[in-house]
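The values are calculated or read from the model by the stated rules, or taken from the named source; none is laboratory data. Everything quoted here is computed from the prediction, not taken from an experiment. All Cβ positions, even for glycine, are placed from backbone atoms using ideal geometry, and neighbour counts span all protein chains on display. Please note that ligands, DNA and RNA were not included when accessible areas were found on the heavy atoms of the full protein model with its side chains. Shrake-Rupley method; radii C 1.70, N 1.55, O 1.52, S 1.80 Å.
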Amino acid sequence: MVDVKMGDCWSNTKDQFDNLEKHTQWGIEFVERYNKFVKDRTDIETSYAKQLRNLSKKYQPKRNSKEEEEQRYTSCQAFVTVLNEMNDYAGQHEVIAENMSGLIYAELSRYIQELKQERKLHFQEGRRAQQHIESCWKQLEASKRRFERDCKEAERAQFHFEKMDNDFNVTKADVEKARQQAQTRHQMASDSKGEYSSSLQNFNKEQHEHYYTNIPNIFRKIQDLDERRIVKIGESVKTFSEVDRQVIPIIGKCLDGITKAAESIDEKHDTQLVVEAFKSGFEQPGDVDFEDFSEPIKRTVSESSLSNSRSDGKQESKSGKSKGKLWPFIKKNKGSGPEDFSHLPPEQRRKKLQQKIDEITKEIQKESDQRDGLTKMKDVYIKNPQMGRPESVDPRLAEIEQTIEKLRQESQKFEAWLAEVEGRLPVKTDPPRRPSEMPELPSTAVNNCAQDRESPDGSYTEEQNQDPQLKVAAQSEFDDEFDDEEILAAIGTCKAVYSFEGQNEGTIAMAEGETLRVIEEDKGDGWTRVRRSEDEEGYVPTSYVEVYLDRNTKGAMTYI
């Protein structure tokens, strides 16, 4: 930049203008280059945020799939939290892109246009000043040349007059004419001298104003323009940093959420879920008795062995040997299995049947809602015939009624099978049944549907020709075996957030703020088993209480 503070005068300001024009043009191009850098950074942030969102969406568990069932595990829940936090993390990069685009790129683009316009005005002003001083200089040169020419003409006229005056052969009239011409030339020279003097004074004045006022002012404006450009670059760089700094606290919260999700992973809880999901419900087998083949006696099978004898060893297979029920090594049925899930172990069969009943219940509710809606529509048509014919709804209502009836029959069938399998499960105590597991069936339905069968894969079944009296005796014997089992220990406590009347069978009433002991966690059906005293226990809605589990008790696991 030219230093105008020293009062330097340049003989050729045109070169200085050329240098300044090149420098200021470079300055504008530098701002444009920096602005393009900001634009590219904005595009990168936008693309990065989009890719993060797509990544989070890609790995989100899909509805109605196995991945959604996996969300029971704390490790899977932690992963979902990571995906959600990454989605928020992507949002912060979108904020960075938006702020950089609005606060830097758009602002600099506008400033560059103003900078170009202002620079153009300053150099136009400089060119006009240069053209003006050059015009003054040309006027001075013209008056100088005219004065010089007139002086030479006056000198020649004077010489001609003196020559004519000394020549005796020249008439007096010619001499007078030469004298008048010489006087005229002298007058013209005198006038040219005055004009030249005036032009010189004017040029000196214009030149002084040009070099000491006009040009320094223009240079000072150009210098101020360039300084403001540099300041603008600095402000933009600072904003570039602040845009990132503003989202750092939120990004930190996202990372804190990921850390918290990692700390929430409970390996004991997850493995306990595996135990609950895959336990078979079979009794643990007893010891195998020694069979002495050295004595010619009839070999019998111990009642505590792994045989499948249902009537004290009276029934045998065609080979004469009892069918061993080594349930831990049962081969799985590769097909879909029978409708009543009899190919599954008792506990798994119970879960499948309950799941099927819940699905049918939802379907019944759905059809009932449609029926109610059509019934209201029919009532409207009856009151307002112009809106439609009431009889047009009847076919659809009849169809829905048939569907509901079929679903109810299907539900009764599965409830009968559920009652059958629950009667055979070797539970240690007879706990109150969860409200979601209470079928209302006539006793005849159970007897008709609970058909005894022998599954090809060796699952738990009864033979069809078993004596009913033996069944009753075996059941009584079975019930007596578990009457004296020890009461379940409490695994924590819970506090009632809301009061609950507990009018259904298997539930227990509680008052708001009351503290009860938890003896069984929520298995996913929305009910928690609690105890008030040794003789008073039942289920309460999980959403009505705050549960505080004992960590040591929760961590104990037994694979069955």
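Heavy atoms only, probe 1.4 angstrom, no DNA, RNA or ligands counted: give me 371, 119 ranked by accessible area, highest first. The partial results should precede the final answer.
Details: 371 55, 119 35 Å².
Result, largest first: 371, 119.
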**Report entry** Cα principal axis extents for the stretch 79-155, largest first, Å
**Finding:** 111, 13, 7
Report summary line: Karplus-derived 3J(HN,Hα) from phi for the stretch 136-141 (6.51 cos²θ - 1.76 cosθ + 1.60, θ = phi - 60°), whole Hz, x at Gly and Pro, runs 4, 5, 5, 5, 5, 5
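How would you classify the stretch 370-419 from its alpha-carbon gyration tensor, with a ≥ b ≥ c the square roots of the eigenvalues: rounded for a/c under 1.5, else prolate if a/b is greater than b/c, otherwise oblate? Let's see the in-between values first.
Numbers: a/c = 7.15, a/b = 3.76, b/c = 1.90.
Prolate.
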Report task. Starting from the amide H of residue 545, placed 1.01 Å from N in the peptide plane, find each other amide H under 5 Å away whose residue is 5 or more places distant or on another chain. Result -> 497
Query raised in the report: Quick one: how many Å² of residue 247 are accessible to a 1.4 Å probe, rounded to 10?
Result: 10
Query - Per-residue HN-Hα couplings for the stretch 225-235 [Karplus 6.51, -1.76, 1.60; θ = phi - 60°; Hz; x = Gly/Pro] - result: 4, 5, 5, 5, 4, 5, 4, 4, 4, x, 5
**Report entry** Approximate spin-label separation residue 293-residue 512, in nm, with each point projected 7 Å along Cα-to-Cβ
**Finding:** 7.5
Report summary line: So, with points 7 Å from each Cα along the Cβ direction, the residue 406-residue 109 label distance in nm works out to 6.3
Requested in this report: Provide the per-residue ³J(HN,Hα) series for the stretch 82-96, in order, calculated from phi with Karplus coefficients 6.51, -1.76, 1.60 and θ = phi - 60°, each as a whole number of Hz, with x at glycine and proline positions.
Outcome: 4, 5, 5, 5, 5, 5, 5, 4, 4, x, 5, 5, 5, 4, 4
Query - For residue 507, residues with placed amide H under 5 Å, excluding near neighbours - result: 539
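Accessible area, 1.4 Å probe, largest first: how do 377, 164 sort?
Working: 377 80, 164 35 Å².
The ordering from most to least exposed comes out as 377, 164.
Could you give the length gained on full extension between residue 375 and residue 174, defined as 0.36 nm per residue of separation minus the Cα-Cα distance, in nm?
58.3 nm
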Query raised in the report: Using a 1.4 angstrom probe with every protein chain in place, what is the largest-first accessible-area order of 96, 364?
Result: 364, 96
Query raised in the report: Using a basic spin-label model with each label point 7 Å from the Cα along Cα→Cβ, how many nm lie between residue 392 and residue 246?
Result: 5.8
Requested in this report: Heads up, I need the accessible area for residue 220: 1.4 angstrom probe, whole protein in place, Å², nearest 10.
Outcome: 110
Query raised in the report: Check residue 514: other-chain or 5+ apart residues with amide H under 5 Å from its amide H, H built from backbone geometry?
Result: 496
